[in-house]
Amino acid sequence: MSTLTCYTHPQSRGRIAHWMLEELGEPYHTVWLEYGAAMKSPEYLAVNPMGKVPALRDGDAVVTEAAAICAYLADRFPGKGLAPPLGSAQRAAYFRWMFFTAGPLEMAASARALGWQVPPGREVMVGFGSYERTLDAVEAALQPGPHVCGEAFSAADVLLGSALTWGMLFGTIEKRPAFEAYTARLQQRPAYQRAQALNEARLGGG
């Protein structure tokens, strides 16, 4: 029997982990943590020394970082079809966009949010190069559709879809038609809607 435990807060990247868990359909337990003392307590720092969420415990194994949690769960439950099979060529695009989302896209959106500007001619020093080229790369990847790796939905869509949804909501990612169409499709998934409902209920005191 699964022993999955998700440590999270409803206003955090923990929603990504929740969505992934709902896609799996496996039993799991949620530990809701408040910002501040709870996340910096000795008990939680033993789980994640960064004092941040999400974190996932699977028996004695602990995984932090939303991208790692998505990748771990996809491989942990291969029968769910949320990652291409090990050894298949399809894993190339899967890994590419999983890591691109966690690296260049996250960095580009954070730079935009904080008002950081890459000096002209210094683009080679940062992983995302430029904000515009980063978004152009994602837009091009979504053109074939309906998912970032083609026909099959995967954990990469959980991560990228979450990043684009939140980025467009808070203005750190431009609202491009390709992004809006892609995220609208993903938001129709029952697992996405269940995860959102769980978090909204928590925010409402449920």
Among region 54-69, those whose backbone N falls under 15 Å of a label point 7 Å along Cα→Cβ from PHE95 are 68
GLN193 and GLN11 label points (each 7 Å along its Cα→Cβ direction) are spaced in nm at 2.6 nm
Candidates LEU164, LEU21, LEU86; GNM for the chain (alpha-carbon contacts under 10 Å) flags as most fluctuating LEU86
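Over region 29-108, what is the relative contact order in percent, taking alpha-carbon pairs closer than 8 angstrom and at least six residues apart? Could you put the intermediate results ahead of the total?
Numbers: 47 pairs, mean separation 10.6, N = 80.
Once divided by the residue count of region 29-108, the mean separation gives 13 percent.
Can you tell me how much longer the chain between MET125 and GLU174 gets when fully stretched, taken as 0.36 nm per residue apart minus their C-alpha distance, in nm with one decimal? Could the numbers behind the result be given before it?
Working: separation 49, 0.36 × 49 = 17.64 nm, distance 2.32 nm.
Full-extension gain reported as 15.3 nm.
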Summing -39500 (n - 2.57) over every DSSP H run of at least 4 residues in the chain and dividing by its residue count gives a helix-only mean residue ellipticity at 222 nm, to the nearest 500 deg cm²/dmol, of -14000 deg cm²/dmol
quick note, the chain, DSSP beta bridge pairs, % antiparallel (nearest 5) is 65 percent
Residue-ordered couplings for region 28-37, obtained by feeding phi - 60° into the Karplus form 6.51 cos²θ - 1.76 cosθ + 1.60 and rounding to whole Hz (Gly and Pro as x), are 8, 10, 10, 10, 7, 10, 7, 5, x, 4
Region 58-77 scanned against label point 7 Å out from GLU26 along Cα→C-beta; backbone N under 15 Å for 58-64, 68-77
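Put PHE179, PHE95, PHE77, PHE170 in order of accessible area, largest first, 1.4 Å probe: what do you get?
Working: PHE179 0, PHE95 80, PHE77 25, PHE170 135 Å².
Output order, biggest surface exposure first: PHE170, PHE95, PHE77, PHE179.
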The ³J(HN,Hα) series, computed from each phi in region 108-114 with the Karplus coefficients 6.51, -1.76 and 1.60 at θ = phi - 60°, rounded to the nearest Hz and given as x for glycine or proline, is 5, 5, 5, 4, 5, 5, 9
Binned at 5 Å from zero, the C-alpha pair distances of the chain give percents of 1, 7, 15, 19, 19, 17, 12, 7, 2, 0, 0
Filtered hits (aspartates and glutamates, Cα-Cα < 14 Å from LYS52, offset >= 8 within chain) -> GLU34, GLU43, GLU65
Taking region 69-108, the equivalent ellipsoid from its C-alpha gyration tensor has semi-axes in Å, biggest first, of 21, 12, 6
Sorting VAL158, VAL148, TYR131 by the position of each Cα along the dipole of region 98-164 (Lys, Arg +1; Asp, Glu -1; all at Cβ), the one nearest the positive end of that ordering is TYR131
Ranked by GNM mean-square fluctuation in the chain (Cα springs under 10 Å), the top entry among MET125, MET20, MET168 is MET125
Amide H proximity to SER130 below 5 Å, modelled H, separation 5+ or other chain, gives none
Note on the chain: contact order normalised by length, alpha-carbon pairs under 8 Å, 6 or more apart, percent, works out to 23 percent
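Local charge sum around TRP166 (other residues, Cβ-Cβ under 10 Å, Lys/Arg +1, Asp/Glu -1)? Can you show the working numbers first?
Values: positive: ARG13, ARG15; negative: none.
Around TRP166, the surrounding residues sum to +2.
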Here region 168-178 yields Karplus 3J(HN,Hα) values (6.51, -1.76, 1.60; θ = phi - 60°; whole Hz; Gly and Pro given as x) of 5, 5, 9, x, 8, 10, 4, 7, 8, x, 5
Full extension between GLU132 and ALA184 adds, at 0.36 nm per residue less the Cα distance, a length in nm of 16.5 nm
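The values are calculated or read from the model by the stated rules, or taken from the named source; none is laboratory data. Computed from a predicted structure; not experimentally measured. No Cβ is skipped: glycine too gets one built from the backbone with ideal geometry, and neighbour counts run over all protein chains shown. To get the accessible areas, we keep the full protein, side chains included, count just its heavy atoms, and leave off ligands, DNA and RNA. Shrake-Rupley method; radii C 1.70, N 1.55, O 1.52, S 1.80 Å.
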